[in-house]
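The values are calculated or read from the model by the stated rules, or taken from the named source; none is laboratory data. Keep in mind that what you see is a predicted model, and the values were worked out from it rather than measured. FYI the Cβ positions are ideal-geometry reconstructions off the backbone, even for glycines, and counts take in every protein chain you see.
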Amino acid sequence: MTIERLQAHWGFSRMPFGRDLAPSMLVATRSHSEAVARIHWLVGEGALGIVTGEVGAGKTVAARAATAALDHRHLVIYLGNPSVGVRGYYRHIIATLGGTPPYQTSSLIAAAVDRLQTERAERGRRVVVVCDESHRLDPHQLDELRFLTSDEMDSHSLFACLLVGQPMLRRRLKLGAYAALEQRVALRYQLEGMDAAETATYITQHLALAGRSDTIFSDDANSLIHQTSRGLPRAVNNLALQALIAAFADKKSVVDERSAAAAVTELAAD
Ligand SMILES: Nc1ncnc2c1ncn2[C@@H]1O[C@H](COP(=O)(O)OP(=O)(O)OP(=O)(O)O)[C@@H](O)[C@H]1O
Ligand SMILES: [Mg+2]
């Protein structure tokens, strides 16, 4: 089987259920829209927020969609790799804002604050820092993040900071050790999986983007995919794609429950 033959079989102009979605192609699920709206509020407030959700719930997509919609008065700094540590974050922030990170760790925070202040005062731009995969920060690193939200910065509302991560991030922050950070959190939002109707719409919309606006997936196939994925977008993508492959292998023109069940078995075996 090749992608070309699969695409030809279904009459797709592009492969559905891919990752390379432009903001205009995203599905406005309840969770997604709510997350985007709340992130915009957070940016307006210049506050600290956390957005959590299970693996593949659409956190990164929502954070990217929200920040992509901001105008030129904002500067988004996306920190996607927690293994550089919080100091690595500070260095990245300073460098992005045109500075040279100081050698000594002790001067890093002051230098970052200085750069953020300059950005706001002289260029009139609000910086939005997004720390993705924040659940991978260890306790010590989470504690260091506190400096991003020092009192001095609270009063100036210099920038907005969004921590994105798996649900354990939220639980970890609740532990007493992080009270200083936890108390400054102005937004907490957990992305949930889609409900059954949303999953069906999600599948339909992905197929329409690929050039098929008619019905390809049966209702039974949709519900099996929904149950198995619990409405988490990445899992829906994987199952739907496997189901398309299974139906193609059986030379079917619709994806029925059997094709969806084959996809479930196939992915469970991985
Ligand atoms: N609103 C949406 N519209 C269309 N597709 C979406 C949407 N949300 C998520 N997806 C799809 O689901 C996939 C997973 O989303 P995303 O990468 O944002 O998950 P995540 O919560 O960040 O996962 P992880 O915990 O692994 O980082 C995306 O690659 C995209 O294909
Ligand atoms: Mg992600």
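Among the residues making up region 122-136, those that are more than 11 Å from ligand 1 (Cβ to nearest atom) and in a loop (DSSP other than H, G, I, E, B) are Gly124, Arg125. On the stretch given as region 42-81, residues that are away from ligand 2 (no atom under 14 Å from the Cβ), touching a strand residue (DSSP E or B) at 6+ places or on another chain (Cβ under 6 Å) and among the hydrophobic types (A, V, I, L, M, F, W, C) total 7. The number of residues in region 201-227 being surrounded by 19 or more Cβ atoms within 10 Å (Cβ to Cβ) and either assigned to a helix (DSSP H, G or I) or β-branched (Val, Ile, Thr) (or both) comes to 11.
Is it the case, given these coordinates, that Ile109 is over 13 Å from the mean Cα position of the chain (by Cα) and surrounded by 13 or more Cβ atoms within 10 Å (Cβ to Cβ)? Reasoning before the result, please.
Details: over 13 Å from the mean Cα position of the chain (by Cα): yes; surrounded by 13 or more Cβ atoms within 10 Å (Cβ to Cβ): yes.
Taking the combined requirement at face value, the residue satisfies it.
Flag set for Leu224, criterion: out of contact with any Ser or Thr (no Cβ under 6 Å at 6 or more places or on another chain) and either within 30 Å of His140 (Cβ to Cβ) or not hydroxyl-bearing (Ser, Thr, Tyr) (or both).
Being outside any helix (DSSP H, G or I), over 27 Å from Pro167 (Cα atoms) and at pLDDT below 95, is that true of even one residue in region 78-94? The answer is no, given that none of the residues of region 78-94 is outside any helix (DSSP H, G or I), over 27 Å from Pro167 (Cα atoms) and at pLDDT below 95. Out of curiosity, is Gly56 part of a helix (DSSP H, G or I) and at positive phi? Considered against the rule, which asks whether it is part of a helix (DSSP H, G or I) and at positive phi, Gly56 comes out as no. For region 158-182, taking the residues that are over 16 Å from the mean Cα position of the chain (by Cα) and not in a helix (DSSP H, G or I), the one that is surrounded by the fewest Cβ atoms within 10 Å (Cβ to Cβ) is identified as Leu175.
Contact map, region 55-76: first residue within 25 Å of Asn237 (Cα to Cα), second residue within 6 Å of ligand 1 (Cβ to nearest atom) and not charged (D, E, K, R), Cβ cut-off under 6 Å, separation 6 or more or different chains; pairs are Gly58/His32; Gly58/Pro233; Lys59/Gly53; Ala62/His32; Ala65/Leu26. If you go through region 7-29 and keep only what is in the same structural domain as Leu209 (by TED's automatic domain parsing), part of a helix (DSSP H, G or I) and touching a residue at least 24 places away in the same chain (Cβ under 8 Å), you end up with His9, Trp10. For the criterion of being within 21 Å of the chain's Cα centre (by Cα) and over 21 Å from Ser24 (Cα atoms), Tyr189 passes.
Residues in region 64-79 that are under 14 Å from the mean Cα position of the chain (by Cα), buried (at least 17 other Cβ atoms within 10 Å of the Cβ) and more than 8 Å from ligand 1 (Cβ to nearest atom): Ala66, Thr67, Tyr78, Leu79. Within region 31-48, the set of residues being among the small types (Gly, Ala, Ser), under 27 Å from Tyr202 (Cα atoms) and either within 9 Å of ligand 1 (Cβ to nearest atom) or surrounded by 15 or more Cβ atoms within 10 Å (Cβ to Cβ) (or both) comprises Ser31, Ser33, Ala35.
Identify, please: which residue in region 49-63 is of a type in the set (Val, Ile, Thr) and within 19 Å of Phe159 (Cα to Cα) and is, among those, surrounded by the fewest Cβ atoms within 10 Å (Cβ to Cβ)? Out of the qualifying residues, it is Ile50. Please work out if Ala28 is within 15 Å of ligand 2 (Cβ to nearest atom) and more than 22 Å from Leu158 (Cα to Cα). Spelling it out, it is not the case that Ala28 is within 15 Å of ligand 2 (Cβ to nearest atom) and more than 22 Å from Leu158 (Cα to Cα).
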